[in-house]
Amino acid sequence: MSQYTAAGVDIDAAIRAVEMMKASVRATHTPNVLADVGSFGGLFALTDLPTNPVLVASTDGVGTKVKLAAQMGRWEGIGHDIVNHCANDILVQGARPLFFLDYIATSKIVPEHVAAAVTGVADACRAIGCVLLGGETAEMPGVYTPGAFDLAGTIVGVVGRDELLPHTDAMQAGDLLIGLPSVSPHTNGYSLIRKAIEGRDLSQSFDDSGVSLADALLLPHKAYIHEIAALRKAGVAVKGLAHITGGGFLDNVPRILPAGLSARIDRASWTVLPLFRKLVEWSGIDNTEAYRVWNMGVGMVVVVGAEEADRVRAALSNSVVMGELVASDSSPAVYLR
């Protein structure tokens, strides 16, 4: 055994992990990729750019959802989580993804776990037309507690300067707020979730659906790229998008609104997923806080003119009109009713 291995860092394990993930990573590559897996830096040729291109970048993590995934031994889903979360964050500015970089840190590399997580990253990248350009796996005993695993990532996309969102100058009172359904808590509120489910059997269904609690909680974060593409194809003029991530409705919707406008949301306009109702019950938080912690069944909010309602409904049958913009003398805010 080498002295480095004795100190807790196994270089051979890291190499095995890379070998196990190579095929999945290469499957995301396009002719734009000019360097193979293992290069010091990823190389991406910029082609087919829009007029006056603007690069849009975002970095995020999966948060404490990784602890639940590790507990259940499910690694691929969190790979989808990190890609889709980051993709949504640049989507709200109108960008299409170009490439993604992942970062895994752990107390001890288990090649199978790392490879499964990166395979999930690669599969999610392929689903949205994004290249997995590179990444890093760091084994850091003493920094991370035994068994700890963290996953973060960076995405880079592009948009034409004239197509940048939001179009705040076009927004006005009476514009509609369209909700696009989520499938789970996505990647938010898991510190509270883990506290709320303490002592519960994760293998059992939490309602009459037959879906286990673990399956419901570990459903990956949904990407909304294809839904927004469908709206654009239908000719819908999208004025703004709000990704309902950390901070829920109360903090994220105001981020895209201009001064003089606020959002009024009717909570009765969509059916809250049964999982969220259980989490509210088990955690004991009030409804207002729940709409700040979780997405409550809506993962993306779209701002469109009132005249677009029929075209939105035709393009996305599962969307809901969940509210409207209202004139306001205060800073942009969300009013729940």
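At a glance:
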{"quantity": "Neighbour-count ranking [beta-carbon atoms within 10 angstrom, fewest first] of ARG337, ARG16", "calculated": "ARG337, ARG16"}
{"quantity": "Exposure proxy ranking, count of Cβ atoms within 10 Å, fewest first, for HIS113, HIS186, HIS226", "calculated": "HIS226, HIS113, HIS186"}
{"quantity": "Long pairs among LYS108/LYS222; LYS22/LYS65; LYS22/LYS222; LYS195/LYS278; LYS108/LYS195; LYS67/LYS108, criterion Cα-Cα beyond 21 Å", "calculated": "LYS108/LYS222; LYS22/LYS65; LYS22/LYS222; LYS108/LYS195"}
{"quantity": "For the chain, projected area of the alpha-carbon convex hull averaged over all directions, nm²", "calculated": "18.8"}
{"quantity": "Crossing angle, helix 76-91 versus the chain [Cα axis fit, 0-90 degrees, rounded to tens]", "calculated": "40"}
{"quantity": "Sparse-neighbourhood loop sites, chymotrypsin sites (Phe, Trp or Tyr not before Pro) in region 2-101 - DSSP loop, at most 11 other Cβ within 10 angstrom", "calculated": "PHE40"}
{"quantity": "Gaussian network model of the chain, springs between alpha carbon atoms under 10 Å - residue of GLY323, GLY77, GLY147 with greatest fluctuation", "calculated": "GLY147"}
{"quantity": "Length-normalised contact order for the chain - Cα pairs under 8 Å, 6+ apart - percent", "calculated": "21"}
{"quantity": "Helix 11-26 axis, angle to the chain major axis (alpha carbon atoms, nearest 10°)", "calculated": "50"}
{"quantity": "Cα-based helix-to-principal-axis angle, 111-128 vs the chain, degrees rounded to 10", "calculated": "30"}
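Values quoted throughout were computed directly from the atomic coordinates according to the rules given, and no laboratory measurement underlies them. It should be emphasised that the depicted structure is a prediction, and the values quoted were computed from it without experimental measurement. Cβ: placed from backbone, ideal geometry, glycine included. Neighbour counts: every protein chain shown.
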